[in-house]
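First comes the structure, then the notes that go with it.
The values are calculated or read from the model by the stated rules, or taken from the named source; none is laboratory data. Note that the structure is a prediction, hence the values are computed from the model and not measured. Glycine also receives a Cβ, built like all others from the backbone with ideal geometry; neighbour counts cover every protein chain displayed.
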Amino acid sequence: MRQKKGPQHSEVAACLEPKRFGRKFRFPNVIPTLFVLTLIAFQSTFSETGIKKKEYSNSIIHSEQNVQNEKTDEVPKKENEESKPEKPIPKFGFFTDFYYAHNPYRGSSRENRYLTQPSRWDEFNVNLAYVDAKIENDRYRGRVALQFGTSVNANYKNEPNSDQNSNQFSVRNIQEAYAGIRLWKNLWMDAGIYFGNIGLESWISHSNWNYTRALALDYVPYYSSGIRFSYRYSDKLSFQLHLMNGWSNIVETNRDKAIGTQIEYKIADRLKIVHNTFVGNEAPDRERRQTRYYNNLIIQYELSEYFILAISGDAGIQRVPDPGVNAYRQWYIGTFWMTWKPVETFRTSVRLERMYDPDQTIIQTGTKNGFLTSGATLGFDYIPDENSMIRLEGRYFRSYDPVFDYHKTKSKEEKFLVFSVSIKI
């Protein structure tokens with residue numbers, strides 16, 4: 001719908017229209033007014049454009065400054081991350097080993113005379129239980145473990161009780177407590193109480209092919225108190241050097257210290273050899289020095305991942321305590337292991353051993369020929385997973401002299417069965 005033209009519009013049109021009929025062409029007074037309005041509009045448009053340009057330029061400057069600030073904030077953050085690496089998180093674990101050992105011919109005592117595991121007959125009990133915390137990275141490592149059980153009482157009973165601050169009762173519940181620092185590329189130093197270096201079997205039954213310990217392992221140090229240097233030369237060759245208080249003792253018994261070594265060499269992918277030694281004085285300060293020298297050699301061969309053979313030979317000599325006599329007592333132990341794991345959940349292991357200690361340096365029997373004993377062990381393990389295990393094991397000993405308890409007398413033989421359930425996390 002069109003709009004009607006107002007009077008002002010007609011007047012403007014009339015003014016803009018040139019006069020004809022010979023009169024001169026003349027603009028009216030409205031022209032200056034239009035010129036002024038045009039200048040005002042142009043000025044306002046220019047001002048708005050300038051403000052927008054200024055705001056845009058300011059926004060660019062602020063955004064660039066923010067980007068620079070973010071970059072400057074990120075630089076020290078990365079530097080701090082490199083200078084302060086993340087601390088390793090401690091790993092906590094526990095182990096419990098419940099057992100029942102049946103000896104049909106035991107005497108009146110329930111104590112096992114010669115073994116630490118099992119150490120009690122016909123009794124439901126805890127062989128070993130511990131809780132531990134360990135930490136390790138490429139610069140330092142350490143472990144603290146507190147332990148309890150019948151094997152602990154049996155193994156630490158030879159620790160002295162004469163001192164008040166350090167004695168059998170203050171140290172026997174410490175399984176391990178050491179701190180380790182990497183001194184060089186593959187060189188570590190561990191200081192404290194740690195597992196011993198001699199023998200194939202471990203103090204933890206869960207880690208062994210057989211539940212009970214071989215005679216060769218029950219009569220060498222399960223633990224040491226001192227400083228251990230370990231160096232890995234390559235994937236095949238490694239060394240250890242130990243400076244210790246003595247032979248299986250935390251509480252010191254004399255002024256001397258003992259030395260231990262280990263050399264482990266992997267000849268092939270499935271064949272390795274380990275040599276362990278110990279040298280130390282085992283006599284109190286009031287007695288003549290009785291230096292003990294001990295050698296342990298282990299050869300282990302893996303026929304396959306599930307079938308492994310191992311053999312060890314142990315020889316020890318110790319100077320006699322008699323003044324003026326330059327002689328040494330000797331003892332020898334030979335052990336053979338075979339383990340077979342046909343399926344993931346089942347394993348069977350056999351162990352044969354023979355110990356000869358005629359001078360009763362390690363085992364005192366009070367008999368004419370000392371401890372001259374052979375033994376055989378057969379074990380069956382059900383392993384539902386790597387953290388749990390149910391075990392049944394039978395063991396047989398025969399000695400040259402009657403050294404084993406048999407009701408109210410002594411016997412040359414001993415037979416017993418052990419049932420065990422263990423969990424290791």
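Summary table below
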{"read-out": "In the range 197-212, residue surrounded by the fewest Cβ atoms within 10 Å (Cβ to Cβ) [restricted to those that are among the aliphatic types (A, V, I, L, M) and within 17 Å of LYS272 (Cβ to Cβ)]", "value": "LEU200"}
{"read-out": "Tally, over the range 265-301, of residues that are in a loop (DSSP other than H, G, I, E, B) and loosely packed, with under 13 Cβ neighbours inside 10 Å", "value": "6"}
{"read-out": "Qualifying residue in the range 133-154 (condition: out of contact with any Gly (no Cβ under 9 Å at 6 or more places or on another chain), over 21 Å from SER205 (Cβ atoms) and of a type outside the set (D, E, K, R))", "value": "yes"}
{"read-out": "Test: residue in the range 213-222 that is of a type in the set (Lys, Arg) and crowded, with 21+ Cβ neighbours inside 10 Å", "value": "yes"}
{"read-out": "Residue selected from the range 234-248 under the condition within 23 Å of the chain's Cα centre (by Cα) and part of a loop (DSSP other than H, G, I, E, B), by the criterion surrounded by the most Cβ atoms within 10 Å (Cβ to Cβ)", "value": "SER248"}
{"read-out": "Residues of the range 401-422 that turn out to be touching a Ser or Thr at 6+ places or on another chain (Cβ under 6 Å), touching a residue at least 24 places away in the same chain (Cβ under 8 Å) and not aromatic (Phe, Trp, Tyr), as a count", "value": "3"}
{"read-out": "The one condition in (1) buried (at least 21 other Cβ atoms within 10 Å of the Cβ); (2) more than 15 Å from TRP209 (Cα to Cα) that ARG395 fails to fulfil", "value": "(2)"}
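Conditions (1) aliphatic (A, V, I, L, M); (2) at pLDDT 90 or above; (3) in a strand (DSSP E or B); (4) more than 15 Å from ILE250 (Cα to Cα), marked per residue:
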| residue | (1), (2), (3), (4) |
| --- | --- |
| ALA129 | yes, yes, yes, yes |
| ASP132 | no, yes, yes, yes |
| ILE135 | yes, yes, yes, yes |
| ARG143 | no, yes, yes, yes |
| GLN147 | no, yes, yes, yes |
| SER151 | no, yes, no, yes |
| ASN158 | no, no, no, no |
| SER162 | no, no, no, no |
| GLU176 | no, yes, yes, no |
